[in-house]
């Protein structure tokens, strides 16, 4: 259901681009319309196809300006707020356009077209956003977009919200359960969400004890559920939050990571772009490594290992085979030789399962290159927490479950900061820092550091 909401926001970009093209074409034909040329004769030459080329290029620029202007934010806005945001973004773009045409007058010389383009563009973009809002409300009313929530509390705020969500389906919220606060509440909620699909928990009691608040936040992190609370609890120490208003009651959402909304989309675009380039670039390496592995030992070139990904879901991770066949079955016999006692990970210095070629592949991390396929399939990211085995994740403490909020990565902060020499708690701390402070620039820095570490012949 949440994906439907995301789609309606993402679709604004291609729709804006199309509407900008339409606005430009309308402005062009209005300029050459008889009722306009009658009063303002055309004294310049501007063939339509030349104009169309300029229009497409400037529309791409407009989208970039709109992004920088915050036009594609996920926050809810009134019609007036939408208008001011559209007006500001369009005016900024037109100003840049006018300056560009001033220095390069050969491209364009019609002030009429620019002004009409600006006016029509603003109108169409505003209508588009209103239409998408109406569509969102209709889909919510029909139950196509639905967010299943639990209300925690038993006070006036609780009753107001519950009544509002039940009578006004356009919010897209379905209250599936309400819990009063007592000594067994956390256990009752945990038991309920283990057997039912829940998207959000809203704490409505402004006088809830801090220990209870901490427990419910921790539960939401472990179960990967959005946590929101009424605004009177603003003393809670959080950095990433968003405030919404329902029936006059401010509700605050704690964001577990910046990788929500557009952050999630940009990271996916970033992953796909580099993964496609990497897949093509590494084709010769795939072939050479495959031949060497086959000559060295019996077994397949690639192996599919079971790992735990985002939201605790299993997936098959691809790697070049660096171990003998049936290595996973041998692990049960070797577990007693595990040299790590600081967490759930397994490490053995002279692991007899590793082949001769496998030692080289692991030392250089070449064995991990096929994980690009997992990135393309959307199971992994280029950068993120390490993907762990089911038996390792089963031993996670509650606070470590936060690592499963986002997709695991081929590389990450923990990998470039010490790899297997790093204590598990330190590895978790680095990954949690990454989750809470993600940015595309941080991803790029980690990827560059990964390359540098590899060339220094250090284990990543």
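Exactly one of these conditions fails for residue 252: (1) assigned to a strand (DSSP E or B); (2) surrounded by 14 or more Cβ atoms within 10 Å (Cβ to Cβ); (3) at pLDDT 70 or above. Give me its number. Looking at each condition in turn, residue 252 falls short on (3).
In the set (1) farther than 22 Å from residue 398 by Cα; (2) in a helix (DSSP H, G or I), the condition left unmet by residue 154 is number (2).
Residues in the range 172-193 that are in a helix (DSSP H, G or I) and either touching a residue at least 12 places away in the same chain (Cβ under 8 Å) or crowded, with 20+ Cβ neighbours inside 10 Å (or both): how many?
Filtering the range 172-193 down to residues in a helix (DSSP H, G or I) leaves 185-193.
Going one step further and asking which of them are either touching a residue at least 12 places away in the same chain (Cβ under 8 Å) or crowded, with 20+ Cβ neighbours inside 10 Å (or both), we end up with 185-186, 189-190, 192-193.
Going through the range 172-193 one residue at a time, the tally reaches 6.
In this structure, residue 39 does not qualify as surrounded by fewer than 13 Cβ atoms within 10 Å (Cβ to Cβ), part of a helix (DSSP H, G or I) and at pLDDT below 80.
Give the residue that is nearest to residue 12 (Cα to Cα), with candidates limited to residues of the range 58-82 that are in contact with a helix residue (DSSP H, G or I) (Cβ under 7 Å, 6 or more places away or on another chain), at pLDDT below 85 and part of a helix (DSSP H, G or I). Per the stated criteria, the residue is 82. Note on the range 370-385: residues that are more than 20 Å from residue 441 (Cβ to Cβ) and either out of contact with any helix residue (DSSP H, G or I) (no Cβ under 7 Å at 6 or more places or on another chain) or surrounded by 20 or more Cβ atoms within 10 Å (Cβ to Cβ) (or both) total 9. Checking the stated criteria, residue 350 turns out not to satisfy the condition of being under 29 Å from residue 405 (Cα atoms) and either at pLDDT below 65 or part of a loop (DSSP other than H, G, I, E, B) (or both). Considering the conditions (1) surrounded by fewer than 19 Cβ atoms within 10 Å (Cβ to Cβ); (2) within 17 Å of residue 430 (Cα to Cα); (3) without any contact (Cβ under 8 Å) to a residue 60 or more places away in the chain; (4) in contact with a helix residue (DSSP H, G or I) (Cβ under 6 Å, 6 or more places away or on another chain), residue 403 is excluded by exactly one of them, (1). The condition of being touching a helix residue (DSSP H, G or I) at 6+ places or on another chain (Cβ under 7 Å) and within 21 Å of residue 214 (Cβ to Cβ) does not hold for residue 128.
The values are calculated or read from the model by the stated rules, or taken from the named source; none is laboratory data. Keep in mind it's a predicted model, so treat the numbers as computed, not measured. Glycine also receives a Cβ, built like all others from the backbone with ideal geometry; neighbour counts cover every protein chain displayed.
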